[in-house]
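Working notes, structure below.
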Amino acid sequence: MSKKRIIAIAVCFAGFCSVFAITNTIMLQNAESIDVSGSIMQADKLSDAGGGKFLITIADGRIVVFSESFGDIPLIETEILASSLRDADREELENGMTFSSYDEVLRLLEDFGV
């Protein structure tokens with residue numbers, strides 16, 4: 001193979017890698033900027049992924065739901081401000097409320113205004 005051909009292949013490969021890296025970076029930035037707060041996953045999708053207990057608590061001043069299956073990653077981050085709740089509800093959530101089914105979680109969130 002000639003030296004010019006090897007250089008041309010190397011330049012093309014470098015260009016391909018650059019385009020791939022830029023595309024990947026853009027996709028990651030867009031994924032991080034998507035606002036999923038306040039959204040609730042569909043119950044049918046969660047029935048498989050969200051087995052176990054659910055914890056509803058307050059994080060960063062808002063109601064948040066965790067699942068044993070997801071560990072420290074919030075399953076749901078609502079826009080419901082803890083300051084908008086009654087004192088008794090806020091205290092209960094500050095201590096954390098556990099539920100064994102996703103339907104119970106949805107019912108409670110509906111009561112709070114989701």
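Run THR57 past the list (1) surrounded by fewer than 17 Cβ atoms within 10 Å (Cβ to Cβ); (2) more than 15 Å from the chain's Cα centre (by Cα) and report the number of the one that doesn't hold.
Result: THR57 fails condition (1) only.
Which residues, counting only those in segment 93-108, are among the β-branched types (Val, Ile, Thr) and either assigned to a helix (DSSP H, G or I) or loosely packed, with under 12 Cβ neighbours inside 10 Å (or both)?
Of everything in segment 93-108, just one residue is among the β-branched types (Val, Ile, Thr) and either assigned to a helix (DSSP H, G or I) or loosely packed, with under 12 Cβ neighbours inside 10 Å (or both), namely VAL105.
Of all the residues that make up segment 63-103, how many are within 20 Å of the chain's Cα centre (by Cα) and of a type in the set (D, E, K, R)?
Going through segment 63-103 one residue at a time, the tally reaches 5.
Quick test for you: out of ALA31, ALA49, pick the one residue that is over 18 Å from GLU110 (Cβ atoms), at pLDDT below 55 and in contact with a helix residue (DSSP H, G or I) (Cβ under 7 Å, 6 or more places away or on another chain).
ALA49
The values are calculated or read from the model by the stated rules, or taken from the named source; none is laboratory data. Please read all numbers here as calculations on a predicted model, not as lab measurements. In this analysis, Cβ positions are derived from the backbone assuming ideal geometry, glycine residues included, and neighbour counts consider all displayed protein chains.
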